[in-house]
Each structure stands twice: as C-alpha cells, then as structure tokens.
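Some notes on the structure that comes next.
The values are calculated or read from the model by the stated rules, or taken from the named source; none is laboratory data. All of these numbers come straight from a predicted model, not from anything done at the bench. Virtual Cβ from ideal backbone geometry, glycine too; neighbours counted across all protein chains shown. When the accessible area is computed, the model is the full protein with side chains, heavy atoms only, and any ligands, DNA or RNA have been set aside. Shrake-Rupley method; radii C 1.70, N 1.55, O 1.52, S 1.80 Å.
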Amino acid sequence: MLKLEARAQPSQAMSLASPLIALALTVLLASLLFAALGKDPLKGLGIFFLEPLNGLRGVSEVLLKATPLILCALGLAVCYRSNVWNIGAEGQFLLGAIAGGGVALWLTNLGVSGVRGLYSPLVLLAGVVGGMAWAALTALLRDRFNASEILVSLMLVYVAQQLLNYLVFVPWKDPGGFNFPQTKTFDASTWLPTLLPGSRLHWGFVLALVMVLLFWVFLFRSWRGYQLQVGGLAPAAARYAGFSARASLWTALLMSGGMAGLAGAMEAAGPLRQLTPHVSTGYGFTAIIVCFVGRLHPLGIVFSGVLLSMLLIGGELGQSRLGLPNALTGVFQGLLLFLLLACDTLIHYRLRRRKPAAAPSAAPVAVTAKEAP
C-alpha cells in the first residue's frame, strides 16, 4: 500500500515549475483525446494554442478575453490568501454587469450624448458597487450566522443569473429588438474607448494591468495585505497578534466582489454594448483556475489569464473548424486544474510504500493441573 508522507522542505523551484508541468501534461492528454475523437492531434493543438495568436486581431481578442479573467482572479487571490473561499465571482460579475449596464441604459434612455467613453467611468464605478454589494451578502451571512461562504457565494450565482434573465426578458427588454431578450444598444458615450483601431480591445485591458500593480503593492508592500495573508496562513497567530478575522473577511470579499463587478461592467460597456442573458461565458468560474495556475500572485495571474483566454478562443475555433464538442474547453480547464493540484500535492508530500502489519502471534495458553492429561 502507498501513503503520503510530508516533505521536510518543499522545493521552491518545483513549486514555480508545477504550472508548466501541469500544462505540459494537459497538452499530452489533449493530444490523446484528439486522437480518440478521430482528429489530428497536431492540428487540434495548433488551433488551441497557435491559431488564437495569429495576427494582431487574434492577439487583441486573446487580450480582450483575458481582461475579465485577470480582474476576477486578482480579487479571488486576495480571498484565497486570506483563507476566504469565494466561489461566487461569477455572480458578482453578473451583478456588476447589471449595475453598470443599468446605468448605461439609464443614460441612453435619457438621451445623453457626447464623445465616446465620456460616461464610461460612471458605468465602471456602478459595476464595482454592484459587485461589492453582492459579495457583501456573502460576508454578512458568514459574519452574522457563520454560514459557509463557499455555499452562499455559489448559490448567489444562480440568483444573479435569474435576476439578469428577468431584467432582459421583461423591464429592460428592447421594444425594437424583434423579441430577443436583450436591452437596446447603449449610447456611444457609455462605451469603453478602443485601445487598438480596428479591434474590439478596449482601455479596460490597460486598467487591468494597473490593477495588477496595485494588488501587488497591496499584498506584498502594505500592512493590511500582510494582515490578510497571516490570517490565511496561521489564523491562531493572527488572533494572537490582534488581527481582526472579521475585518479580513469583509476586506477580502469586498475587494473580490469589486473586481468581479468591474469586469462585468467592462464586458457590458466594452465588447457587448448591451445586456443579454449571456453576458458572461463563465468568466467567474474560469478565474478560479486562472488564480491557482497563477500561484495566487498578481504577475502569475496575467500569464495564466492569457493562457486560459487562448483555451476559450481555441475551443470556439475548434467547434467551427474541426467539429469538436463545446464541452472540450471545460475538459481542458478541468484537466489543467486537476494536474496542477496533483503536482502541488507531490511537491509537499512524497509517496511511500506502507509495509503490511505483521500478523499477531498466538498467545501461549496456560495449562492448569486439571486440564493436564
């Protein structure tokens, strides 16, 4: 039998290399999966990992999809380093889209006009507030009633989705939209300005990079960030030092919700420019994988966000060009996360063969005088 035995000193080099090892193993298993589906493995891998970077337009689309992933993952990294398990970034993303899109729709109905992007800061601010408000529900239930933030944040995702469905099907539905569940197109003054002419990439990507720098400073160069990380690594030591677990809970969830809400507002006012039931393609859930592949570090999250963005676009290209199933992208994401967790486990533990326990020897039986022959 095999057992896991803790290593005295986990390798720092292997900890940094484990995402690359997990990616290499994912590519290997993907090749086998392509072959099992009757597709050319090299062509399939090329569509997933090379075709998304084909030309300036392709790169811009990769960065466009990476923007909400990076923003959501930054907030989740703060939560997970604080030992607060927020699984509901998807719901906070949707509330940010609802709040930001609602402001954009209100301004559009008022008939405002102006240069492109004039009112986009207001839309983004509304998205941040919406995401923070949705995360505050989780923080409140955890703080007052000790409810599991995992279950509460996850269940609120479906509440947020139903709220979005109601709004785009009934009160906010575009009367001139041929009965499609969508709002009218927002006025250009609420759109995010494009970063590259001829592409959909907007200035939100630059803002995401700025947030990466700010979160790095917060986590590794601020006293508050230090308190959050101590509370996550050693709760008993944090209590002994007088750090407030309640303040850490609220800080982590509000920051995470704000970042997810900002990403949702960017999606509504950026590439979509309206609200539909499909504002998100699972960005909040994918950001969990981005967060762990990036080792909960802001800089690593940038690279992992780009990688997962390539997988999302590669999955779309694979459906249209090779006839691959839609679920294949989710399979690759799951494989990447599973293999990363397996690598991390082997970094901290080693496999040992457990010797079978020896059979107990029979105890000698004392013979009394009456029993003797």
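Of the residues that sit in the range 274-306 and are farther than 19 Å from V206 by Cβ and more than 14 Å from the chain's Cα centre (by Cα), which one is most open to solvent (accessible area, probe 1.4 Å)?
H278
Looking at the range 184-204, can you tell me whether even one residue there is modelled with pLDDT of 95 or more, crowded, with 18+ Cβ neighbours inside 10 Å, aliphatic (A, V, I, L, M) and over 22 Å from L64 (Cα atoms)?
No; the residues of the range 184-204 include none that is modelled with pLDDT of 95 or more, crowded, with 18+ Cβ neighbours inside 10 Å, aliphatic (A, V, I, L, M) and over 22 Å from L64 (Cα atoms).
Take the residues in the range 318-341 that are among the aliphatic types (A, V, I, L, M) and open to solvent by less than 40 Å² (accessible area, probe 1.4 Å); name whichever of them is nearest to T26 (Cα to Cα). Give the derivation first.
Of the range 318-341, the ones among the aliphatic types (A, V, I, L, M) are 322, 324, 327-328, 331, 335-337, 339-341.
Now narrow it down to the ones that are open to solvent by less than 40 Å² (accessible area, probe 1.4 Å): 322, 324, 328, 336, 339-340.
On the way: L322: 19, L324: 17, L328: 12, L336: 6, L339: 7, L340: 10 Å.
Ranking the candidates gives L336 first.
Quick check on G305: is it touching a helix residue (DSSP H, G or I) at 6+ places or on another chain (Cβ under 9 Å), among the small types (G, A, S), modelled with pLDDT of 95 or more and farther than 16 Å from L25 by Cβ? Give the steps one after another, and end with the answer.
On the way: touching a helix residue (DSSP H, G or I) at 6+ places or on another chain (Cβ under 9 Å): yes; among the small types (G, A, S): yes; modelled with pLDDT of 95 or more: yes; farther than 16 Å from L25 by Cβ: yes.
Answer is yes for this residue.
Condition check ((1) basic (K, R); (2) touching a Gly at 6+ places or on another chain (Cβ under 7 Å); (3) farther than 21 Å from L95 by Cβ) across all residues:
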residue: G127; (1), (2), (3): no, yes, no
residue: R142; (1), (2), (3): yes, no, no
residue: A147; (1), (2), (3): no, no, no
residue: V168; (1), (2), (3): no, no, no
residue: P171; (1), (2), (3): no, no, no
residue: F178; (1), (2), (3): no, no, yes
residue: P181; (1), (2), (3): no, no, no
residue: F186; (1), (2), (3): no, no, no
residue: R221; (1), (2), (3): yes, no, yes
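Within the set of pairs 6 or more residues apart or between chains, which connect a residue that is touching a residue at least 12 places away in the same chain (Cβ under 8 Å) and within 22 Å of L140 (Cβ to Cβ) inside the range 234-247 to a residue that is among the β-branched types (V, I, T) and open to solvent by less than 70 Å² (accessible area, probe 1.4 Å) with Cβ atoms less than 9 Å apart?
Every condition considered, the pairs that remain are F243/V230.
Return the only residue of M310, M259 being open to solvent by 10 Å² or more (accessible area, probe 1.4 Å) and closer than 18 Å to A126 by Cα. Spell out the reasoning first.
Working: M310 fails: closer than 18 Å to A126 by Cα.
Every option except M259 fails the conditions.
Being without any contact (Cβ under 8 Å) to a residue 40 or more places away in the chain, open to solvent by 30 Å² or more (accessible area, probe 1.4 Å) and under 18 Å from A268 (Cα atoms) narrows it down to one of P175, P121, P181, so name that one.
P121
Return yes or no: is F145 more than 22 Å from the chain's Cα centre (by Cα), aromatic (F, W, Y) and closer than 25 Å to G75 by Cβ?
Numbers: more than 22 Å from the chain's Cα centre (by Cα): yes; aromatic (F, W, Y): yes; closer than 25 Å to G75 by Cβ: yes.
In short, yes.
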